[in-house]
Amino acid sequence: MKYFSFALLILAVNCANRTYSDDDARKIFYPLAASAYGNPKDCVSKWLGGQVIRQITIPCDVFSDDTCSGYTAIAPDKRLIAVVFRGTTTDEQLIAEIDETLHKKVQLGKGNVDQYFYEGFQKIWNAGMKDDFLSQRSRYPNYNIVVTGHSLGGAMATIAANFLKINYDLDLQLMTFGEPRVGDQAFADDHDARFGSSTFRVTHHNDIGPHIPPQFVNFQHHTTEIWYNNDMTTADYSTCQGQEDPLCSDQVPLSKYNITEHRLYFGVNLDDWVSSGCQKAL
Ligand SMILES: *[C@@H]1O[C@H](CO)[C@@H](O)[C@H](O)[C@H]1NC(C)=O
């Protein structure tokens, strides 16, 4: 009995049963993810009192004018180190993403992830994000690590979270917005074994993002989806069960998939939030 309780305690600690916080999403994760769509410096300072270490933007190789981008930041008041990825800047890139995902997967952990997402992450990581992150990590070993991104950026954030856990065994918090499916069933299971139900995939109403690539080309979401079946102006959401909860965004029919809602979370449009001085509070 004693050993049984002990085992349960270890399980509880390891799975870090975090619950979703709408407040953290609005005040920490989404401002970070949205700031990636421009020069994040002023917005990260304004909304988190934080400092951007470096933003890295490099060719993604799908189209010649295509870039992948991410940045590292610290927020001393909130005691966190942030690793953030930008999503698609054009609908063409989103379409390319869908198209590319019908192609190859590469191994990550015990599963397989889309090659385009994986290479996007690897390029940003190896172009300097790794050095920036590791130096901040050794400088502030007690800060929480938060990993986030929207759309393609959410896919890269999920890959980064798994990569960091596998290679550095770091405790971290992952929250994404409008994340597409990242890998196969084995990857979704491996992710869930690693993080329990404590990583969050926020989805907005009929956003098309979470529906691509489709399950019939062997892609599967990881746990836990947080679905706002509304305009996201209030903390009104469902905490979904498992990987593909039929009572959450999975129930949205194809005819309703909406690209405007993909770029509009918490009432903030990603295309002009940073460039207009990130005035709007979340
Ligand atoms: C897509 O979403 C926007 C914002 O919610 C809405 O105004 C628009 O009517 C939707 N488009 C379609 C085709 O449903």
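General remarks:
- The calculated 222 nm mean residue ellipticity attributable to helices in the chain amounts to -9000 deg cm²/dmol, summing -39500 (n - 2.57) over DSSP H runs of n ≥ 4 and dividing by all residues.
- The calculated FRET efficiency for the pair K104 and Q241, based on their C-beta separation and a Förster distance of 30 Å, comes to about 0.45.
- A dipole drawn for the chain from +1 and -1 charges on Cβ atoms has a positive end, and of M129, H150, Y228 the residue lying farthest that way is M129.
- Rounded to the nearest 20 debye, dipole of the chain from Cβ charges on Lys, Arg, Asp, Glu: 1120
- Of the trypsin sites (Lys or Arg not before Pro) in region 192-282, the ones in a loop by DSSP (not H, G, I, E or B) with at most 14 other beta carbons within 10 Å are K280.
- Rolling a 1.4 angstrom probe over the protein heavy atoms with all chains in place gives region 13-275 an accessible area of 40 Å² per residue.
- Where a label projected 7 Å from the Cα of K130 along Cα→Cβ would reach, residues of region 168-189 with amide N under 13 Å: 168
- When only Cα pairs below 8 angstrom with a gap of at least 6 residues are kept, the chain shows a relative contact order of 17 percent.
- Overall form of region 103-242 per C-alpha gyration tensor (a/c, 1.5; a/b vs b/c): oblate
- Bridgeable lysines around K280 (alpha carbons under 18 Å apart, same-chain partners fewer than 8 residues away excluded): K27, K41, K46.
- Charge dipole (debye, nearest 20) of region 220-282; +1 at Cβ of Lys and Arg, -1 at Cβ of Asp and Glu: 160
- Eigenvalues of the alpha-carbon gyration tensor of the chain, scaled by 5 and square-rooted, set the equivalent ellipsoid semi-axes at 25, 23, 20 angstrom, largest first.
- Projecting the Cα atoms of Y265, V252, Q215 onto the dipole axis of the chain, where Lys and Arg carry +1 and Asp and Glu carry -1 at the beta carbon, places Y265 farthest toward the positive end.
- Within straight-line reach of K165, meaning a Cα separation under 21 Å, sit the following lysines at least 8 residues removed in sequence or on another chain: K105, K110, K123, K130.
- Ranked packing of 231-243, 140-152, most packed first, by mean Cβ within 10 Å: 140-152, 231-243
- Considering only beta bridges that DSSP places wholly inside the chain, some 55 percent are antiparallel.
- Ranking N206, S35, A82 by Cα position along the charge dipole of the chain, where only Lys, Arg, Asp and Glu carry charges on their C-beta atoms, puts A82 farthest toward the positive end.
- Taking 0.36 nm per residue of sequence separation and removing the Cα-Cα distance, the N39/N167 pair yields an extension gain of 43.2 nm.
The values are calculated or read from the model by the stated rules, or taken from the named source; none is laboratory data. Please read all numbers here as calculations on a predicted model, not as lab measurements. Note that we place each Cβ from the backbone using ideal geometry, even for glycine, and neighbour counts take in every protein chain shown. Just so you know, the surface numbers come from the protein's heavy atoms only, side chains and all, with ligands and any DNA or RNA stripped out. Shrake-Rupley method; radii C 1.70, N 1.55, O 1.52, S 1.80 Å.
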